[in-house]
1. Here's a check for you: in the range 1-16, which residue that is closer than 15 Å to Pro328 by Cα and either under 14 Å from the mean Cα position of the chain (by Cα) or not in a strand (DSSP E or B) (or both) is farthest from ligand 1 (Cβ to nearest atom)?
2. Glu277: away from ligand 2 (no atom under 15 Å from the Cβ), acidic (Asp, Glu), without any contact (Cβ under 8 Å) to a residue 60 or more places away in the chain and surrounded by 15 or more Cβ atoms within 10 Å (Cβ to Cβ), yes or no?
3. Out of Ile295, Ile327, which single residue is surrounded by fewer than 23 Cβ atoms within 10 Å (Cβ to Cβ), within 16 Å of ligand 1 (Cβ to nearest atom) and among the hydrophobic types (A, V, I, L, M, F, W, C)?
4. From the set of residues in the range 131-172 that are under 14 Å from Val42 (Cβ atoms) and under 13 Å from the mean Cα position of the chain (by Cα), which is surrounded by the fewest Cβ atoms within 10 Å (Cβ to Cβ)?
5. Exactly one condition in (1) closer than 23 Å to Ser276 by Cβ; (2) modelled with pLDDT of 95 or more is false for Gly138; which is it?
6. Any idea how many residues of the range 44-72 are polar (S, T, N, Q) and open to solvent by less than 50 Å² (accessible area, probe 1.4 Å)?
7. Please specify each residue of the range 14-43 satisfying the condition of being surrounded by 15 or more Cβ atoms within 10 Å (Cβ to Cβ) and aliphatic (A, V, I, L, M).
8. Looking at this structure, is Phe130 among the aromatic types (Phe, Trp, Tyr) and more than 16 Å from Gly306 (Cβ to Cβ)?
Amino acid sequence: MDINILAIESSCDETSASVIHNGKVLNNIIATQTVHENYGGVVPELASRAHQQNIIPIIDQALNHANIAKTSLNAVAFTQGPGLLGALLVGASFAKSFAMAMDIPLIGVNHMQAHILAHFIDDPRPDFPFLCLTVSGGHTQIVLVKDYLEMEILGETLDDAVGEAFDKSAKLLGLPYPGGPLIDNYAQTGNPDAFAFPETSTPGFNYSFSGIKTAILYFLRDRVKDNPDFIRENLNDICASVQRKLIDMLMNKLRKAAKKHRINHVAISGGVSANSELRNRLDEEGIKQGWTTYIPDFEYCTDNAGMIAIAAHYKYLAKDFTSLHAIPQPRMKF
Ligand code: KG4
Ligand code: ZN
């Protein structure tokens, strides 16, 4: 029998819908909210309202493009968490109503697991077990992936996520939200060794990124005092140096985790896996350490419903359905 699933993502500032047919993602429609650009971060209330405006047109588009009738759907999936409560509620409410109206199963998906499972949308698909460094605006985790739905967090950030460190550094430089891709861009022609930033040491495979944000704040404050044009004159070098520091921190713990757990299949996922330096460094490290490395297509790095769809497919096969009484879980764990 065919398996057709409609999947919805609404955890943060992307409203997205995808249709998956027998494990093949047919489309991945994404409406990115631009309303947050001038606020230096996502404004939860504005995100919820934009999701409400976008959700029906996005789902219509996904179903029409896939040429699959609502009556041919076998399940409807949604991001149950982690994420912003109001934003999650929009996707969850639609999915629950739809499941009830069509009398089909509901599948609640963990957003962080979905980022990892995005690697199973297209070839090359990773072999189990593998390590995945999941790096986004809300999370930074090193995950041991034993099977599609069996994952263990080996380490995570104790404070800010690395995406947050990128975005907050960008904000200090006067750049709009989200600043991660802009830092990446300016860094291309900068000198990564121009400026040094200290790092906080953390136990095990855990990270801490809040110290570096403070270090950059004081560094800029002191330099701008001497030269008001310091940021404008050194933007590329500052971006390259900040990026180098953040990627060094990510790679150091990842290398240690791979060694300790004797894993030689290593992946990256989440919004920050779109970062060009991280992508290059993973490849270089792979060659050095003898790892097989997996880097997602840009389309599946930042938030998207394609990853929710592939996760839902495996949950459907495992008959892992969700109650119609389920509520969104802003701090959902594995
Ligand atoms: O996974 P994602 O879309 O949303 C969350 O689940 O948080 O990740 C968004 C994060 C933002 O912090 C954004 O600045 C960062 O990913 N990001 C990047 C790049 N592209 C997106 N950070 C650094 N370099 C990039 N090229
Ligand atoms: Zn995400």
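1. Ser10
2. For Glu277, the condition - away from ligand 2 (no atom under 15 Å from the Cβ), acidic (Asp, Glu), without any contact (Cβ under 8 Å) to a residue 60 or more places away in the chain and surrounded by 15 or more Cβ atoms within 10 Å (Cβ to Cβ) - is not met.
3. Ile295
4. Looking at residues that are under 14 Å from Val42 (Cβ atoms) and under 13 Å from the mean Cα position of the chain (by Cα), I get Gly138.
5. Unmet condition: (2).
6. Matching residues across the range 44-72 total 2.
7. If the condition is that a residue be surrounded by 15 or more Cβ atoms within 10 Å (Cβ to Cβ) and aliphatic (A, V, I, L, M), then Ala17, Val19, Ile20, Val25, Leu26, Ile29, Ile30, Ala31, Val42, Val43 are the ones that fit.
8. yes
The values are calculated or read from the model by the stated rules, or taken from the named source; none is laboratory data. Values in this document were obtained by computation on a predicted structure and should not be read as measured data. Quick reminder, even Gly has a Cβ in these numbers, built from the backbone with ideal geometry, and neighbours come from all protein chains shown. When the accessible area is computed, the model is the full protein with side chains, heavy atoms only, and any ligands, DNA or RNA have been set aside. Shrake-Rupley method; radii C 1.70, N 1.55, O 1.52, S 1.80 Å.
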